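Q: Following this message is one structure expressed as structure tokens.
The values are calculated or read from the model by the stated rules, or taken from the named source; none is laboratory data. These figures come from a predicted structure and were not determined experimentally. Counting neighbours? That spans all protein chains shown, and the Cβs are built from the backbone with ideal geometry, glycine included. Surface areas here come from the heavy atoms of the whole protein model, side chains and all, with no ligands, DNA or RNA. Shrake-Rupley method; radii C 1.70, N 1.55, O 1.52, S 1.80 Å.
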Amino acid sequence: MECISVFDMLKIGVGPSSSHTLGPWRAAEQFLAEIRERNLIDNINRIKVDLYGSLSLTGHGHATDLAVMLGLSGADPEYIPVESIDVIITAIKNKKEIFLGNEIIIPFDFEKDIVFNKNFLPFHANGLTFTIYTDDEEYSSTFYSIGGGFVVKEDREHSKENKEIKGTFPYPIDKAAELLEYCQKENKKISEIVLENEKSMRSEEEINHELMRIWNTMLECIYIGCHSEGTLPGGLNVRRRAYDMHKNLIGVLPYDNPQSWLETIRLTEVKFRQILKWVSCFALAVNEVNASLGRVVTAPTNGSAGVIPAVLMYYMVIENHEANDEHIKQFLMVAGEIGSIFKKGATISAAMGGCQAEIGVSSAMAAAALCEVMGGTPEQVLMAAEIAMEHHLGLTCDPIGGLVQIPCIERNTMGAIKAINAAELAMETDPKNAKVPLDKVVDTMWQTAKDMNNKYKETSEGGLAVAVNLADC
């Protein structure tokens with residue numbers, strides 16, 4: 001198994017999809033690195049991109065073609081000003097040329113040079129091949145976007161390197177049972193075990209800084225979503241709901257930035273209905289930003305990016321008004337570790353496992369993290385993750401029009417509420433009475449994924465995607 005850091009599971013990027021937007025974007029960056037190593041970039045006179053399988057079937061709705069162009073242009077999804085995305089894409093389309101890697105301008109007709117192939121490559125459902133042409137040769141390279149922004153080649157050339165890094169971990173982990181054993185042996189919380197592993201790769205100062213950068217990105221994303229009204233792009237005419245919901249909840253209380261806004265929410269009414277609305281509002285806000293090519297944190301994917309921020313925000317503004325940076329870092333480290341266990345033992349790609357691999361995993365991550373910061377034992381934390389996933393098993397991925405909007409945005413609200421419920425159930429349960437260990441649920445999820453019909457795996461060929469016509473919207 002490979003080494004997976006918290007910062008692999010929680011990555012800052014651009015929406016709407018980690019598998020279909022961020023992954024292809026990163027693949028384009030890797031391809032640029034390849035051709036630079038081969039000293040080919042200066043001699044290129046044409047480049048072609050072939051999208052396969054799920055990337056092709058829902059590529060337009062997920063902006064896969066736009067992501068490829070941005071990646072080939074040398075833009076970084078983590079730092080690019082989102083307002084410049086349209087400028088770059090418009091220039092490529094109008095001029096029919098691309099500034100490849102910010103180094104060389106070559107002709108590029110996006111309608112001809114990005115090819116949508118409906119056939120699937122054997123290795124993975126999300127395949128894409130880059131081909132360059134020079135006067136003397138043709139060079140191709142194929143990548144696979146395997147979920148959560150992770151990109152591999154079929155030979156997995158970096159797997160040996162990852163195993164060597166993992167070998168340096170004081171607590172190498174593939175399964176939940178191993179994680180629990182370390183916690184019991186060392187008398188540590190899950191977050192403490194994770195921190196020790198992270199410290200083998202980077203300084204504690206860097207870990208703290210990056211965790212807070214992730215949280216601040218999440219908070220800003222929630223804030224933007226709650227203060228943006230209108231209709232989402234893509235043709236479904238989906239009206240943003242977080243704006244109106246937030247306006248009704250916040251009333252006339254004053255604030256002037258995301259942090260003061262967080263403090264203001266703590267002053268609002270917190271009856272059960274208001275809690276449901278606040279959590280739903282936070283999740284909606286994130287995924288409406290995601291659907292409009294905004295900046296989000298893959299947690300573990302873009303399509304499920306709203307669950308973890310919504311649950312962490314719930315903890316900050318409703319459950320514990322004294323919550324501080326240490327709680328935030330603790331929450332994120334636990335969430336990241338639980339996500340890595342699912343990635344190693346199953347999948348976080350909807351193209352491989354349906355929506356159970358995205359919303360189900362994010363709900364399990366959030367449930368476990370919430371359970372620990374509320375004082376749960378490691379046994380209860382793992383139980384919370386198990387409960388959350390158990391009740392997402394078999395969830396299909398059937399986006400209407402290939403857009404990460406219907407039913408994806410609402411599903412984040414459901415995943416967040418289930419996570420809170422799962423954490424509460426775990427807190428009230430003696431782990432000795434648990435019947436289903438987390439590793440069994442991970443195995444079951446993977447078996448369910450393999451048994452699931454491909455039309456329910458992010459292809460828009462089944463479920464709501466065919467039951468609801470675009471004309472109905």
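Q: Output ³J(HN,Hα) for the stretch 405-421: one whole-Hz value per residue in order, computed from phi by the Karplus curve 6.51 cos²θ - 1.76 cosθ + 1.60 with θ = phi - 60°, and x for Gly and Pro.
A: So the J values, rounded to whole Hz, are 9, 10, x, 4, 5, 5, 4, 5, 5, 5, x, 5, 5, 4, 4, 4, 5.
Q: Let me ask something else. Based on Cα positions only, what radius of gyration and what Dmax would you give for the chain, in angstroms?
A: Taking only Cα atoms of the chain, I get Rg and Dmax of 21.7, 70 Å.
Q: Moving on. Please list 454-464, 97-107, 4-14 highest first by mean number of surrounding beta-carbon atoms within 10 Å per residue.
A: Working: 454-464: 20.6, 97-107: 15.4, 4-14: 23.2.
The packing order, highest mean first, is 4-14, 454-464, 97-107.
Q: While we're looking at this one, here's another question. Convert each backbone phi in the stretch 205-213 into a coupling constant with the Karplus relation 6.51 cos²θ - 1.76 cosθ + 1.60 (shift: θ = phi - 60°), then list the ³J(HN,Hα) values in order as whole Hz, x for Gly and Pro.
A: 4, 5, 4, 4, 5, 5, 5, 6, 5
Q: A further question on this structure: Please list, short to long, the whole-number percent of alpha-carbon pairs of the stretch 20-145 in consecutive 5 angstrom bins beginning at zero.
A: 2, 12, 23, 25, 21, 13, 4, 0
Q: Which value, in debye to the nearest 20, describes the size of the charge dipole of the stretch 1-128 about its Cα centre when Lys and Arg Cβ atoms bear +1, Asp and Glu Cβ atoms bear -1, and nothing else is charged?
A: With Lys and Arg at +1 and Asp and Glu at -1, about 340 debye.
Q: Further question on the same structure: When only the heavy atoms of the protein chains count and the probe is 1.4 Å, how do 37, 138, 78, 386 rank by accessible area, highest first?
A: From most exposed to least exposed: 37, 138, 78, 386.
Q: Of the listed pairs 271/343; 11/277; 95/457, which have alpha-carbon separations greater than 32 Å here?
A: Result: 271/343; 95/457 exceed 32 Å.
Q: Considering only protein heavy atoms and a probe of 1.4 Å, how much of the accessible area of the chain is carbon and sulfur, as a whole percent?
A: 49
Q: Could you tell me the relative contact order of the stretch 349-445? Use alpha-carbon pairs under 8 Å, at least six residues apart, and round to a whole percent.
A: 38
Q: Provide the FRET efficiency to the nearest 0.05 for the residue 115-residue 187 pair, computing r from the beta carbons and using R0 = 41 Å.
A: 0.15
Q: Too long at a 32 Å Cα-Cα cut-off: which of 48/175; 185/329; 153/188?
A: Long pairs (Cα-Cα over 32 Å): 48/175; 153/188.
Q: Under 5 Å between amide hydrogens, which residues at least 5 positions from residue 406 or on another chain qualify, with H placed 1.01 Å from N in the peptide plane?
A: Long-range HN contacts for residue 406: 400.
Q: Can you pull the one-decimal nm distance between simple spin-label points at residue 205 and residue 91, each 7 Å off the Cα toward Cβ?
A: A separation of 3.7 nm, rounded to one decimal place.
Q: Just to confirm my numbers, what's the Cα centroid distance between the stretch 300-316 and the stretch 264-298 in Å?
A: That distance is 9 Å.
Q: Sticking with this one: Loop-only check: which GluC sites (Glu not before Pro) in the stretch 275-361 are DSSP coil with at most 11 other Cβ within 10 angstrom? Numbers along the way, then the final one.
A: Numbers: sites: 288, 319, 322, 326, 337, 358; in loops: 322, 358.
Within the stretch 275-361, the qualifying GluC sites (Glu not before Pro) (loop, at most 11 other Cβ atoms within 10 Å) are 322.
Q: May I ask you to evaluate 6.51 cos²θ - 1.76 cosθ + 1.60, the Karplus curve with θ = phi - 60°, for each residue of the stretch 268-285 and list the ³J(HN,Hα) values in order in whole Hz, giving x for glycine and proline?
A: Once θ is set to phi - 60°, the couplings for the stretch 268-285 become 7, 5, 10, 6, 4, 5, 5, 4, 4, 5, 4, 4, 5, 4, 4, 5, 4, 4 Hz.
Q: If ligands, DNA and RNA are left out, what is the accessible area of residue 26 with a 1.4 Å probe, given in Å² to the nearest 10?
A: 60
Q: How big is the Rg/Rh ratio for the stretch 351-473, C-alpha atoms only, Rh by Kirkwood, two decimals?
A: Numbers: Rg = 15.7 Å, Rh = 14.9 Å.
Radius of gyration over Kirkwood radius for the stretch 351-473 works out to 1.06.
Q: Here's something else I'd like to know. State to the nearest 20 debye the size of the charge dipole of the chain about its Cα centre, where the only charges are +1 on K and R beta carbons and -1 on D and E beta carbons. All intermediate terms of the calculation are to be shown ahead of the outcome.
A: Working: 43 positive and 65 negative charges, 227 e Å.
So the magnitude is around 1080 debye.
Q: Further, regarding this structure: Rounded to whole Å, give me the distance from the Cα center of the stretch 353-426 to that of the stretch 62-94.
A: Rounded to whole Å, the Cα centres lie 31 Å apart.
Q: Normalised by the residues of the chain, what does the relative contact order come to in percent, with Cα pairs under 8 Å and at least six apart?
A: Relative contact order for the chain comes out at 19 percent.
Q: Setting aside same-chain residues fewer than 8 positions from residue 435, which lysines have a Cα under 16 Å from its Cα?
A: none
Q: Please give the per residue accessible area of the stretch 42-112, computed with a probe of 1.4 Å over protein heavy atoms only, in Å². Write out the running numbers ahead of the final one.
A: On the way: 3110 Å² over 71 residues.
Using a 1.4 Å probe on heavy atoms only, each residue of the stretch 42-112 averages 44 Å².
Q: At a Förster radius of 35 Å, what calculated FRET efficiency corresponds to the Cβ-Cβ distance of residue 45 and residue 76, to the nearest 0.05? Show your work: numbers first, answer last.
A: Details: r = 26 Å, r/R0 = 0.74.
So, using R0 = 35 Å, E works out to roughly 0.85.
Q: Still on this structure, please answer the following. Find which of 427, 215, 142 sits farthest along the positive direction of the dipole of the chain, computed with +1 on the beta-carbon of Lys and Arg, -1 on that of Asp and Glu, about the Cα centre.
A: So the residue we want is 427.
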